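Colleague: Take this structure first; my questions come after.
No value in this document is a laboratory result; all are computed from the given coordinates. Given the structure is predicted, the values throughout are model-derived calculations rather than measurements.
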Amino acid sequence: MIITLVGPPLLHVDFKFVRASGFAERTEAPEILWDRDGLLSGVLVQQPPVTPVFDLQWIEDRFWIWVHYGATKLGRGELLETISFLTYLRETVLGPPPPLPHTPHHA
């Protein structure tokens with residue numbers, strides 16, 4: 001992936017290079033800037049993006065392993081590695097937050 005800032009006005013653009021075979025399974029609806037054969041545009045129409053299921057059991061199965069890993073990094077004084085690990089937890093495990101069912105509150 002190439003992350004760029006272009007402008008003015010300032011615009012954040014991510015260039016992600018993928019194979020056509022790996023393009024069908026995705027979580028976002030990208031804007032295609034160049035598609036030589038129209039193959040990727042066809043995949044967008046046929047296969048919509050899918051939001052991954054938030055699985056609490058998956059998190060619970062790994063929780064103490066993650067805590068141990070992070071504590072080991074912190075104990076060795078690897079502060080930047082610890083920050084990187086916490087970023088991984090925030091971005092991969094905890095976010096994006098799951099959609100919660102709406103329960104109307106009656107007064």
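Colleague: ³J(HN,Hα) across the stretch 33-40 via Karplus (A = 6.51, B = -1.76, C = 1.60, θ = phi - 60°), whole Hz, x for Gly/Pro?
Modeller: Values per residue, Gly and Pro as x: 8, 8, 9, 3, 9, x, 5, 5 Hz.
Colleague: Let me have the 222 nm mean residue ellipticity of the chain computed from DSSP H runs of 4+ only, each contributing -39500 (n - 2.57), with the sum over all residues rounded to the nearest 500. Don't skip to the end; give the middle numbers.
Modeller: On the way: 3 runs with 38 residues, N = 107.
Roughly -11000 deg cm²/dmol at 222 nm, from the helical runs in the chain.
Colleague: Please grab the % of Cα pairs in the stretch 1-55 that end up more than 12 Å from each other.
Modeller: 72 percent
Colleague: How many percent of all Cα-Cα pairs in the chain sit more than 18 Å apart? Don't skip to the answer; put the middle values down first.
Modeller: On the way: 3953 of 5671 pairs.
Considering the chain, 70 percent of its Cα-Cα pairs are separated by more than 18 Å.
Colleague: Give me the mean projected area, in nm² to one decimal, of the convex hull enclosing the Cα positions of the stretch 34-82. Please report the intermediate quantities before stating the final value.
Modeller: Numbers: hull surface 26.4 nm².
One quarter of the hull surface, i.e. the mean projection, equals 6.6 nm².
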